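Worksheet: the structure to be examined is printed underneath.
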Amino acid sequence: MAPALRLLLAFLAIGSCIAADNIDLWPMPKTVSHGTQKLYIKKDITMSMVGSTYSDEKSILKDAFQRMVDLITLNHAIDGINPSSLVLTCVNIVVHTPEDELKFGADESYNLTVPTTGDPLYAQIEAQTVFGALHGLQTFGQLCYFDFTSRLIGLNSAPWIITDTPRFPYRGLLIDTARHYLPVKIIKGVIDAMTYSKLNVLHWHIVDEQSFPIEIPSYPKLWNGSYSYSERYTMSDATDIVRYAERRGVNVLAEIDVPGHARSWGVGYPSLWPSDSCREPLDVSKNFTFEVIDGILSDFSKVFKFKFAHLGGDEVNTSCWTETPHIEGWLNNNHMNVSDAYRDFVLKSQKLAISHGYDIINWEETFNNFGDKLDRKTVVHNWLGEDVAPKVVAAGLRCIVSNQDKWYLDHLDASWEGFYMNEPLKGIDDTKQQQLVIGGEVCMWGEEIDASDIEQTIWPRAAAAAERLWTPIEKLANDTRLVTSRLARFRCLLNQRGVAAAPLAGYGRASPAEPGPCVRQ
């Protein structure tokens, strides 16, 4: 069946019941109740913090509130006349803890109430942390719309009572700046769009074999491996990106992928290559290799404050080590084969990361080859197949799920339905083992995307996975036709907010098949 026809039939089948319920929120909150009253938003709506113990000295909430107001206007002129009643004049935000340092596992829950009575009439968001309050503002913003009759912002189906909390603490999106450089502005745009669907970890795959675009003060020649002089990030750029993300409740996970995927490192420091003719993996026999890794992690620790560092460890072709005489001699002298050397390289790198205060994430090959030797702080990043996560948690290690057949965004034939139905806990029945799955991540590998098409390749498919990671499992649909209309409306909201989200009909990065309204594409 053609994708466009499939989408149309889904709308015909369930459009009426969705419209009747008037819940077009994405991702779906934990509990929602609502009425039938229409309200208007005062043109100069304000924010208050009566009852809050959080001071907002850094203006995190103040700035988020202004961003929300700017978003709900959708660049329309709000030039109607405020009615005399049923006008929301304020959003009162109550945060119960004073801390605003973003940490993994921070309480992201919130309660949102939008009443129909009161003088003055105001909405209230209550949260344990400022980061829960940020999610509450996102949800409130989705309730609002521009009313073309009154020329005001409207809010239907009040009163609203919403209680919400995420299902998983780690809800990630990977971007890849090694295969194609992404300007800082584009990265910030990705972060903004992540917040709309409540994703909270930007996994920044910064370097790879093709390019090394980031400044490393400890080893300043490393970014000689960038594509060009202009396709680079200074450490100040990195700090700017991290701060921008953190103020929006998004952690930034930095990755260096060792020992493979590192050919670009040797452009500035050729001694990191096994030889000039055999340039990866990194030279396992030299102390200098680990001194460079230590320097990178030391510099990272000053900027990337997230609990975790990603050390890669995947797709390591060790043939260079046996083909290079000085490395082969080192292996023989240390009574090692290449499998031993691969293991020791990963474990040495883990110890260096731990020395800088990080917990470690490694791709699943490390677990598949020597899982019993990994540091117990290791989080195994599953990507090859869905049978690995149950083995990881059975071994007592934590896991992130990104199985490539469902959650790789560069697989353009992977449909949004597959993204929605991919269950991180599949095959894991023990409740204690389920808790070791800290979440999941969709991966936007960069071989065939750049700044020109990254948004429509990510969205709306990443949003489908975002609901899987946020919404309680009992509220998730078992049939994607039940969420098609709601996701289509969210995709249209992304477009209205300036995010180039592709149509639902078709596969990744599809174009509209024919003229028609946004929600039918």
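The values are calculated or read from the model by the stated rules, or taken from the named source; none is laboratory data. Not measured: the values here are computed from a predicted model. Positions of Cβ are backbone-derived with ideal geometry, glycine not excepted, and every protein chain shown enters the neighbour counts. Each accessible area value is taken on the protein alone, full model and side chains, heavy atoms only, with ligands, DNA and RNA left out. Shrake-Rupley method; radii C 1.70, N 1.55, O 1.52, S 1.80 Å.
Taking the Cα centre of the chain as origin and assigning +1 to Lys and Arg Cβ atoms and -1 to Asp and Glu Cβ atoms, the resulting dipole is close to 1360 debye. Using the Cβ-Cβ distance between D119 and E474 with R0 set to 51 Å, the FRET efficiency works out to roughly 0.85.
Working from label points 7 Å from Cα in the Cα-to-Cβ sense, the D314 to E514 distance is 3.9 nm. Projecting the Cα atoms of V242, Y219, T31 onto the charge dipole of the chain (Cβ charges, centred on the Cα centre) puts T31 farthest toward the positive pole. If you plug the beta carbon distance of S228 and A395 into 1/(1 + (r/R0)^6) with R0 = 41 Å, you get a FRET efficiency near 0.40. Surface composition of segment 363-465: carbon plus sulfur atoms contribute 47% of the solvent-accessible area (1.4 Å probe, protein chains only, all chains present).
I want the local charge near G440. Using Cβ-Cβ distances under 12 Å, sum +1 for each Lys or Arg and -1 for each Asp or Glu among the other residues. Taking every other residue near G440 into account, the sum is +1.
Ordered by 1.4 Å accessible area with all protein chains kept, V267, V338, V50 run largest first as V50, V267, V338. Once neighbouring chains are kept in place and the probe is 1.4 Å, which whole percent of the accessible area of segment 192-283 is contributed by carbon and sulfur? About 46 percent, which is the carbon plus sulfur part of the accessible surface. Between L347 and T322, the simple label model (points 7 Å from Cα in the Cβ direction) yields a spacing of 2.1 nm. Approximating the spin labels as points 7 Å out from Cα along Cα→Cβ, the S85-to-E448 distance works out to 5.9 nm.
For S150 and V50, a Förster radius of 22 Å and the Cβ-Cβ distance give a FRET efficiency of 0.15, rounded to the nearest 0.05. Entry comment: accessible area of segment 170-497 is 35 Å² per residue, from protein heavy atoms only and a probe of 1.4 Å. Sequence-ordered 3J(HN,Hα) estimates for segment 387-397 from the Karplus curve with 6.51, -1.76 and 1.60 and θ = phi - 60° stand at 8, 7, 3, x, 6, 4, 6, 5, 7, x, 9 Hz, glycine and proline given as x. If the reach is capped at under 21 angstrom between alpha carbons, list the lysines near K103, excluding any in the same chain fewer than eight residues apart. Straight-distance partners of K103: K58, K62, K188, K198, K302, K305, K307, K377. Rounded to the nearest angstrom and listed largest first, the equivalent-ellipsoid semi-axes of the chain from its Cα gyration tensor are 44, 24, 21. Between D240 and H96, full extension at 0.36 nm per residue minus the direct alpha carbon distance yields a gain of 49.0 nm.
The mean accessible area for residues of segment 31-164, using a 1.4 Å probe and ignoring ligands and nucleic acids, is 46 Å² per residue.
Summarising the strand pairing of the chain, around 35 percent of its internal DSSP beta bridges are antiparallel.
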